[in-house]
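To start, the structure itself, in structure tokens.
The values are calculated or read from the model by the stated rules, or taken from the named source; none is laboratory data. Computed from a prediction, not measured in an experiment: that's the story for all the values here. Every residue, glycine as well, gets a Cβ built from its backbone with ideal geometry; the counts of neighbours run over all protein chains shown.
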Amino acid sequence: MLMLYGREVSSRLLLGTARYPSPAVLADAVRASNTDILTISLRREMAGGRKGGQFFELIRELDRNVLPNTAGCHTAKEAVLTAKMAREVFCTNWIKLEVIGHHDTLQPDVFALVEAAKILCDDGFEVFPYTTDDLVVAEKLLEAGCKVLMPWCAPIGSAMGPLNLVALKSMRARFPDIPLIVDAGIGRPSHAVTVMELGYDAVLLNTAVAGAGDPAGMAEAFAL
């Protein structure tokens, strides 16, 4: 079992819910993955209007733990506001904190990330910060109150797999008791195996499954 902020989850695969061809395909992929946790972009889905409402109903029917995220936020202020809205909508203190600093690579703005993490942790949120593999930033996030770290292994959506194994190994060695979830850059099941062999606790996927020719089949492959 994996323990995240005092909550036990059985699956070490977290799944994103964006960019699937249809709600039915998303539902099939979620079931095939056996995931316990779904990440959801509040900003993206609320922008969908009526379709957004249908999406939220589907998520309720799938009956998984919801991890809202602040995707699309570029400042600490935006991220904090989105997190507070997500808490109201989903009735959870969990938040996957994203503050994007570079439009092309979607690299985190680590300065704004730490700022937002401190504000949210002080407000009772249980923060899952999307960050780089920088150890100094990781230390700052832990000091801010985070009890989970989510380093990337490559840029979001790149499917390139782990680019800096030395850095990932160093982070695992530096924080042996902190849950580490690789977030972003995984494109194949073999990439997930690589980071799990380094001692990471879980992986978060979206594009690798949503963009596959057979999303349910790919989700099942990762689940294995």
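Just a few scattered comments:
- Residue list for segment 1-47, restricted to those being within 26 Å of Ile178 (Cβ to Cβ), exposed (fewer than 15 other Cβ atoms within 10 Å of the Cβ), at pLDDT 90 or above and of a type in the set (A, V, I, L, M): Met3
- Within the option set Phe222, Phe128, Phe111, being under 21 Å from Thr75 (Cα atoms), of a type outside the set (Lys, Arg) and touching a residue at least 60 places away in the same chain (Cβ under 8 Å) holds for one residue only, Phe128.
- Taking the criterion of being buried (at least 19 other Cβ atoms within 10 Å of the Cβ) and either on the phi > 0 side of the Ramachandran plot or in contact with a Pro (Cβ under 6 Å, 6 or more places away or on another chain) (or both), the residues of segment 138-149 that qualify are Leu141, Cys146, Val148.
- Scanning segment 54-89 for residues that are more than 24 Å from Glu8 (Cα to Cα), in a helix (DSSP H, G or I) and either among the small types (Gly, Ala, Ser) or in contact (Cβ under 8 Å) with a residue 60 or more places away in the chain (or both) yields a count of 2.
- Each residue in segment 56-110 was checked for being touching a Cys at 6+ places or on another chain (Cβ under 8 Å) and among the β-branched types (Val, Ile, Thr), and 3 pass.
- Of the residues contained in segment 119-126, none is found to be in contact with a Ser or Thr (Cβ under 8 Å, 6 or more places away or on another chain) and within 23 Å of Asp177 (Cα to Cα).
- Test set (1) modelled with pLDDT of 95 or more; (2) buried (at least 17 other Cβ atoms within 10 Å of the Cβ); (3) in contact with a Ser or Thr (Cβ under 9 Å, 6 or more places away or on another chain) - Leu135 fails condition number: (2)
- Residue satisfying condition, being in a loop (DSSP other than H, G, I, E, B), in contact (Cβ under 8 Å) with a residue 40 or more places away in the chain and either of a type in the set (Ser, Thr, Tyr) or closer than 18 Å to Pro151 by Cβ (or both), within set Thr105, Thr92: Thr105
- Some residue of segment 75-82 being at pLDDT below 95, touching a strand residue (DSSP E or B) at 6+ places or on another chain (Cβ under 8 Å) and surrounded by 21 or more Cβ atoms within 10 Å (Cβ to Cβ): no
- Any chance Val136 is within 23 Å of Thr75 (Cα to Cα) and among the β-branched types (Val, Ile, Thr): yes
- Any hit, segment 188-199, residues being modelled with pLDDT under 95 and in contact with a Cys (Cβ under 8 Å, 6 or more places away or on another chain): yes
- Selection within segment 170-222 - more than 30 Å from Gly145 (Cα to Cα) and in contact with a Pro (Cβ under 9 Å, 6 or more places away or on another chain): Ala208, Val209, Ala210, Pro215, Met218, Ala221, Phe222
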